[in-house]
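J.: First the structure, which I've put down as structure tokens, then a few questions once you've had a look.
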Amino acid sequence: MTKYLNTLKAFICTVLITFSTVAQEHPSLILTKDGVSKIRAELGNVPLFDASLKKVKEEIDAEIALGIDTPIPKDYSGGYTHVRHKQNMFAMQQAGVLYQILEDEKYAKYVKDMLLQYEEMYKSLPLHPKTRSYARGKLFWQCLNDSNWLVYVSQAYDCIYDYLSKAERKKLENNLFRPFADHISVDSPQFYQRVHNHSTWGNAAVGMIGLVMNDKELIDRALYGIPGLDMDKSAKDDDGGFINKEGKAGFLANIEEPFSPDGYYNEGPYYQRYAMYPFLIFSEGLHNVKPELNIFEYKDGVLLKSINALLNLSDADGDFFPLNDGQKGMSYYTDALVSAVDISYYYGSQDPGLLSIAAKQNKVLLDDSGLAVALGVKNGKAIPFDKKSINLSDGPEGKQGGVGILRSKNTELVFKYASQGSSHGHYDKLSYSFYNTGNEVLQDYGLARFVNIEQKGGGNYLKENKTWAKQTIAHNTLVQNERSHYQGKYDIGSKYHPELYLYDDSNVAVQIVSAKETNAYPGTAMHRTMALIKDDSFENPFLLDILKIDSDSINQYDLPFYFIGQVIKTNFEYEVPNTLEPLGTSNGYQHLWSEGSGISTDQNTKLSWLDKGKFYTLTSASLKNDELKFVRIGANDPNFNLRREAGFIIRRKNTQNTLFISTTETHGGYSPVTESAVNSYSNIKELQVILDNEDYTAVMITTVKDITKVFIIANNNASTEATHALKIKDKNYEWSGSYYFK
């Protein structure tokens, strides 16, 4: 942290020296004079850019034909006034760009007329009538959306700056832009003065309009926060997160704190995607207007690194893994990632792999970076973006856990051992999700929210997000005594994080990620090791999961598996109740229907299911009298806010120290056209624990053809240079490194 503080001090000194009141040319924020000239020279010769321009022109021409509407605000997300003002900000930004590129005055006039309507309205506009937000905006129900608006409108203003008269600019700046910037910052410090994706939007909004207006005070406020403000560090926002936890604020603090050196953003990929636009678009503006600041090199270039990290946090189809609060289906096809890919390519290493993503997105920014990407695609420079196994650290110094992603063939494992993730974090330490060819096999639920659908809670977070989605039982990880990790309390969870024990993807046949957690339940230590194994005895790579628990008390342990698909077969008997009852009363259990229950009678428990033409089998090493429960999400949910999806829980009662071992196989397939099933049975005959002590855990896997494989993990020595010698059942095992598999 010390080197970053020194970098920050040097950065501030540079800023204080270099900011001046020298007149600047326009456009200069995102588009530049030189860039516009190059774009005009290439028009008609760059297919991807030309197609993007044509689409935007058609959309804005349609908007102009509809006429300008700036209604008095009254709605939540999804309501007419909210949507209209949101559409207006996009339309103004795009019309400004069209004016610069096409030199057609109608686009500048459209922006000018709309801005003057906003100026007339804003002078007397009160706070938004909806009172839910901890920081109300004026155009929108929350300052966050007001900040969105100003980020886009700043770009429009820059594009038509010279089209406006001096008197018109003064009128807009004095009556609209400066009061707007003041409202989302000095008038709303609980929103602005902290480290959070909300504040990043606010910082970018204030900074971008400051750059256009050449207003040093606003630019400083954007970079460093509101000077001299002592915030109440115990105050909470409406997300449940604590405000300005360490007294840090401003754009630079929002780069410094949430990003790890690897580019992982602590709130998770869904909110990283959302925050990347203001991070990158403001940085692009700073680069163009104040190139001496070297913003893209700040914190060792972490903003550009973060784009690579974010792309790697997506599945085979480009959908982001729903860690923490994350809506499923959000992908790198969103406009925010179009911006991220283009800016990363142009200002970064010009990685040709990014061009293949841009080609899939089939659109580019209408600026210098978009032109560079479109030219790269045209000139055949694109190569596939290769997503490999990767371990992304969490925390500003990379020392607060992380996320490990193992990839083999068409299989992806996502293992979460990260920090709490700010106010959008979930209580799911050492949880995982599992994918095959982009399809969920064992899922993470994601968030409980219908974003921008007004009928569902105004498009905002539903209460079930706290009562279900954030609770530990909603994830594929251990629950002790039906209580969530860290008691489900943000202030406790924010103090702790798991510790990485081992990450090794050097052997494509056996890739491992392993981490320990000792604070989720005081007095209980969890150590989870997950190995993605590619072996000739198996059709596809399979997952081996070893969860070791040491506790100073006797507890009940639940280990859920949220599988996607139709149950095909089990090797145990179970009863289905005539009347459904919730599995519990709190901590998420109240939202689970108990649909079936059985008792283990064999040393292995098997569950097979079918989804999207593929068979999957979960094999678990059982103890006598393990309770086996089928559950379904949806109890105590009268408004049908939750998806009705299935889960399988292994419950172990009256136990102190224990071990959960399981494998997950992908095998065979079924065609509804030929009505044929191929390789529909598990390849594992027996899964057996052959040794478990403080130092080692050993598992033997026997296939249906009686081929045996042994996996051994050293529990307390992860050194790659350590040598080990064990004798198990009269057989000697010797190896170097942290694990053995043969």
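The values are calculated or read from the model by the stated rules, or taken from the named source; none is laboratory data. The model shown is predicted, which means the values in this text are computed figures rather than measured ones. Please note: Cβ atoms are built from the backbone with ideal geometry, for glycine as well, and neighbour counts cover all protein chains shown.
J.: Which condition breaks for VAL341 when tested against (1) surrounded by fewer than 19 Cβ atoms within 10 Å (Cβ to Cβ); (2) out of contact with any strand residue (DSSP E or B) (no Cβ under 8 Å at 6 or more places or on another chain)?
T.: So the condition that VAL341 fails would be (1).
J.: Right, something else. Restricting to region 253-293, name every residue that is assigned to a helix (DSSP H, G or I) and among the polar types (S, T, N, Q).
T.: ASN254, GLN272, SER283, ASN288
J.: Inspect region 109-129 for any residue being in a loop (DSSP other than H, G, I, E, B), within 30 Å of GLY44 (Cα to Cα), free of Cβ contacts under 8 Å to residues at least 40 places away in the same chain and not small (Gly, Ala, Ser) and give the result as yes or no.
T.: The first filter runs over region 109-129 and keeps only residues in a loop (DSSP other than H, G, I, E, B), leaving 123-129.
With within 30 Å of GLY44 (Cα to Cα) added as a condition, the list becomes none.
Within region 109-129, not a single residue is in a loop (DSSP other than H, G, I, E, B), within 30 Å of GLY44 (Cα to Cα), free of Cβ contacts under 8 Å to residues at least 40 places away in the same chain and not small (Gly, Ala, Ser).
J.: Let me confirm something: among SER331, SER314, SER306, SER339, which residue is within 27 Å of VAL451 (Cα to Cα) and touching a Pro at 6+ places or on another chain (Cβ under 8 Å)?
T.: Selected residue: SER314, the only one of SER331, SER314, SER306, SER339 that is within 27 Å of VAL451 (Cα to Cα) and touching a Pro at 6+ places or on another chain (Cβ under 8 Å).
J.: When region 375-424 is examined, which residues are found to be in contact with a Phe, Trp or Tyr (Cβ under 7 Å, 6 or more places away or on another chain), within 22 Å of ALA469 (Cβ to Cβ) and among the aliphatic types (A, V, I, L, M)?
T.: Listed by number, the residues that qualify are VAL403, LEU413, VAL414.
Rundown of residues vs (1) over 23 Å from GLN487 (Cα atoms); (2) touching a Ser or Thr at 6+ places or on another chain (Cβ under 9 Å); (3) crowded, with 24+ Cβ neighbours inside 10 Å, yes/no style:
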{"site": "ASP335", "(1), (2), (3)": "yes, no, no"}
{"site": "PRO352", "(1), (2), (3)": "yes, no, no"}
{"site": "ILE357", "(1), (2), (3)": "yes, no, yes"}
{"site": "LEU365", "(1), (2), (3)": "yes, yes, yes"}
{"site": "LYS378", "(1), (2), (3)": "yes, no, no"}
{"site": "GLY395", "(1), (2), (3)": "no, yes, no"}
{"site": "GLN420", "(1), (2), (3)": "no, yes, yes"}
{"site": "LYS429", "(1), (2), (3)": "no, yes, yes"}
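J.: While we're on this one: Kindly indicate the residue of region 71-91 that is hydroxyl-bearing (Ser, Thr, Tyr) and surrounded by 18 or more Cβ atoms within 10 Å (Cβ to Cβ) and also farthest from the chain's Cα centre (by Cα) among those meeting that condition.
T.: Going residue by residue through region 71-91, those that are hydroxyl-bearing (Ser, Thr, Tyr) are 76-77, 80-81.
Restricting the remaining residues to those that are surrounded by 18 or more Cβ atoms within 10 Å (Cβ to Cβ) gives 76-77, 81.
Numbers: TYR76: 24, SER77: 21, THR81: 29 Å.
Out of the qualifying residues, it is THR81.
J.: Please enumerate the residues belonging to region 613-630 that are among the charged types (D, E, K, R), surrounded by fewer than 22 Cβ atoms within 10 Å (Cβ to Cβ) and over 18 Å from PRO541 (Cα atoms).
T.: Pass one, region 613-630, residues among the charged types (D, E, K, R): 614, 624, 626-627, 629.
Keeping just the survivors that are surrounded by fewer than 22 Cβ atoms within 10 Å (Cβ to Cβ) gives 614, 624, 627, 629.
Those that are among the charged types (D, E, K, R), surrounded by fewer than 22 Cβ atoms within 10 Å (Cβ to Cβ) and over 18 Å from PRO541 (Cα atoms): LYS624, GLU627, LYS629.
J.: Further question: Out of region 303-322, which residues are under 30 Å from GLU25 (Cβ atoms) and surrounded by fewer than 23 Cβ atoms within 10 Å (Cβ to Cβ)? Break it down into steps so the answer makes sense when it comes.
T.: Let us first name the residues in region 303-322 that are under 30 Å from GLU25 (Cβ atoms), namely 303-304, 307.
Hit for region 303-322 is LEU304, nothing else.
J.: In addition: Mind checking whether some residue in region 291-303 is small (Gly, Ala, Ser) and touching a helix residue (DSSP H, G or I) at 6+ places or on another chain (Cβ under 7 Å)?
T.: Step one: of region 291-303, the residues small (Gly, Ala, Ser) are 301.
Applying the additional criterion that residues be touching a helix residue (DSSP H, G or I) at 6+ places or on another chain (Cβ under 7 Å) yields none.
The answer is no; no qualifying residue exists.
J.: Filter region 484-513 down to the residues that are in a helix (DSSP H, G or I) and among the small types (Gly, Ala, Ser), then identify the one that is surrounded by the fewest Cβ atoms within 10 Å (Cβ to Cβ). Working first, answer last.
T.: From region 484-513, those in a helix (DSSP H, G or I) are 485-488, 490-493; that's our starting set.
Filter again for among the small types (Gly, Ala, Ser), leaving 488, 493.
Numbers: GLY488: 19, GLY493: 23.
Checking each candidate, the answer is GLY488.
J.: Could you check how many residues of region 724-742 are in a strand (DSSP E or B) and of a type in the set (D, E, K, R)? Step through it out loud before you land on a result.
T.: Pass one, region 724-742, residues in a strand (DSSP E or B): 724-728, 731-736, 739-741.
Right, trim to of a type in the set (D, E, K, R) and you get 727, 731, 734.
The number of residues fulfilling the criteria is 3.
Rundown of residues vs (1) within 21 Å of THR472 (Cα to Cα); (2) outside the structural domain of TYR681 (by TED's automatic domain parsing); (3) touching a residue at least 12 places away in the same chain (Cβ under 8 Å), yes/no style:
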| site | (1), (2), (3) |
| --- | --- |
| LYS516 | yes, no, yes |
| ALA525 | yes, no, yes |
| ASP536 | no, no, no |
| ASN540 | no, no, yes |
| LEU543 | no, no, yes |
| ILE546 | yes, no, yes |
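J.: While we're looking at this one, here's another question. Among the candidates GLU686, GLU694, which residue alone is under 21 Å from ASP550 (Cβ atoms) and at pLDDT 95 or above?
T.: GLU694
J.: Give ASN625, ASN641, ASN636 a once-over and let me know the one that is touching a residue at least 12 places away in the same chain (Cβ under 8 Å), farther than 30 Å from THR524 by Cβ, in the same structural domain as ILE453 (by TED's automatic domain parsing) and assigned to a loop (DSSP other than H, G, I, E, B). If you could, list the steps in order and put the result at the bottom.
T.: Details: ASN625 fails: farther than 30 Å from THR524 by Cβ; ASN636 fails: farther than 30 Å from THR524 by Cβ.
Matching residue, one of ASN625, ASN641, ASN636: ASN641.
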